[in-house]
Amino acid sequence: MTLSIVALDTDTGQLGAAVHTGWLAVGNKVPWVEAGVGAVLTQAVTEASYGPRSLDLLRSGHTPIEALTALLAEDPHAESRQVAIVDAAGRAAAHTGSACIPSAGHAVGNGVVAVANMAGADGVWDVMLDTFDRTGDDPARRLWSAVAAGHEAGGDLRGSTSAALLVATGDADEPGWTRHVDLRVDDHPQPVTEMARLLDLHEMYDLMGTGINAVTVGRTDEAMTALEAAFGHSRGNAQTGFWRAAAQLLAGDKEGAEATLREATGDDAGWRLLWERHRSSGHFTPPR
């Protein structure tokens, strides 16, 4: 089956879409998001053009219902489509064509739509919507919790293959291509579990990226806070230790930096060479 959810997070303004299926590389055609505009899912007999065309219509002032109605009206295969749209104002629209393979259906909530086809049980879409509404977490984890719950509630009639998660920044002034989260599992025996692992990694790398940027411009306190968190994260790795050591050196703690570097990277010659190259370039020089 393909099961998906699309939503606006009212607290952050972030728009997102999450999807799981028994087909290769579902992130290539099914989910579409644009900051300050909307989020779209197009599945069943997937017509990828529904994604960018829906966003174009939303951007020009159409409501989700108006956009969906216009696209379905000119589509000779409309009854084979399943589409969900949410805009930046939280308005939503959905369509499950009569030719979609059962179990197929959708549930529409406040700024959120859950959809599924070829599901192992009726009502999978209701489970996803309820899970999203009950989950108090960041938008990406809310979306993925909903998909994981739907997967558990209905199974996959074709087997489990791929997944995708897109979340656009809540800042409407950001370029349309900007993504807060953009993760894909193109082919995996357990894509739901793998996506959860990638979300953990995304969180860790986000912390590390914040810290690296702070190191680069000499913001010592910000660098230490972010890189300590990244280093202590459950998905922390040698790279987090490397950059934590950089933050310590930036703060003037040369001894602590060397200890952290040894702990994180051991005797690896590549990491040591990279360390010396950064130092010789002045990247870890404490501010005066």
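Of the residues making up segment 217-245, those that are crowded, with 24+ Cβ neighbours inside 10 Å, of a type in the set (A, V, I, L, M) and touching a Ser or Thr at 6+ places or on another chain (Cβ under 6 Å) are 226, 230, 245.
Evaluation of residue 104 against the conditions (1) under 19 Å from the mean Cα position of the chain (by Cα); (2) buried (at least 22 other Cβ atoms within 10 Å of the Cβ) shows that the sole unmet condition is (1).
Here residue 213 clears all of (1) touching a residue at least 40 places away in the same chain (Cβ under 8 Å); (2) in contact with a helix residue (DSSP H, G or I) (Cβ under 9 Å, 6 or more places away or on another chain); (3) surrounded by fewer than 18 Cβ atoms within 10 Å (Cβ to Cβ) except the condition numbered (1). Checking each residue in segment 156-207 for being outside any helix (DSSP H, G or I), at pLDDT 95 or above, under 17 Å from residue 142 (Cα atoms) and not β-branched (Val, Ile, Thr) picks out 163, 164, 165, 166, 168, 182, 183, 184.
Checked against the criterion of being out of contact with any helix residue (DSSP H, G or I) (no Cβ under 7 Å at 6 or more places or on another chain), modelled with pLDDT of 95 or more and not polar (S, T, N, Q), the candidates 40, 30 yield just one match: 30.
If only residues of segment 185-224 that are of a type in the set (A, V, I, L, M) and more than 30 Å from residue 160 (Cα to Cα) are counted, the one that is farthest from the chain's Cα centre (by Cα) is 217. Of the helices (runs of 4 or more DSSP H) entirely within segment 236-288, those holding at least 2 residues that are farther than 18 Å from residue 216 by Cβ and without any contact (Cβ under 8 Å) to a residue 24 or more places away in the chain occupy 254-265, 269-280.
Looking across segment 46-58 at every residue that is small (Gly, Ala, Ser) and outside any loop (DSSP other than H, G, I, E, B), the one that is surrounded by the fewest Cβ atoms within 10 Å (Cβ to Cβ) is identified as 51. Scanning segment 181-190 for any residue that is over 18 Å from residue 16 (Cα atoms), crowded, with 16+ Cβ neighbours inside 10 Å and touching a His at 6+ places or on another chain (Cβ under 8 Å) turns up nothing. Here 60, 49, 103, 145 are screened, and the one residue that is of a type in the set (Ser, Thr, Tyr), touching a strand residue (DSSP E or B) at 6+ places or on another chain (Cβ under 6 Å) and either at negative phi or in the same structural domain as residue 30 (by TED's automatic domain parsing) (or both) is 103.
Listed by first and then second residue, the pairs with beta-carbon distance under 9 Å, at least 6 apart or on different chains, first residue in segment 1-20 and within 14 Å of residue 154 (Cα to Cα), second in a loop (DSSP other than H, G, I, E, B) and hydroxyl-bearing (Ser, Thr, Tyr), are 1/103; 2/46; 20/160; 20/161. Among the criteria (1) crowded, with 18+ Cβ neighbours inside 10 Å; (2) more than 15 Å from residue 31 (Cβ to Cβ); (3) in contact (Cβ under 8 Å) with a residue 40 or more places away in the chain, the one residue 86 does not fulfil is (2).
The values are calculated or read from the model by the stated rules, or taken from the named source; none is laboratory data. Everything numeric here is computed off the predicted structure, so don't read it as measured data. We place every Cβ from the backbone using ideal geometry, glycine too, and count neighbours over all the protein chains shown.
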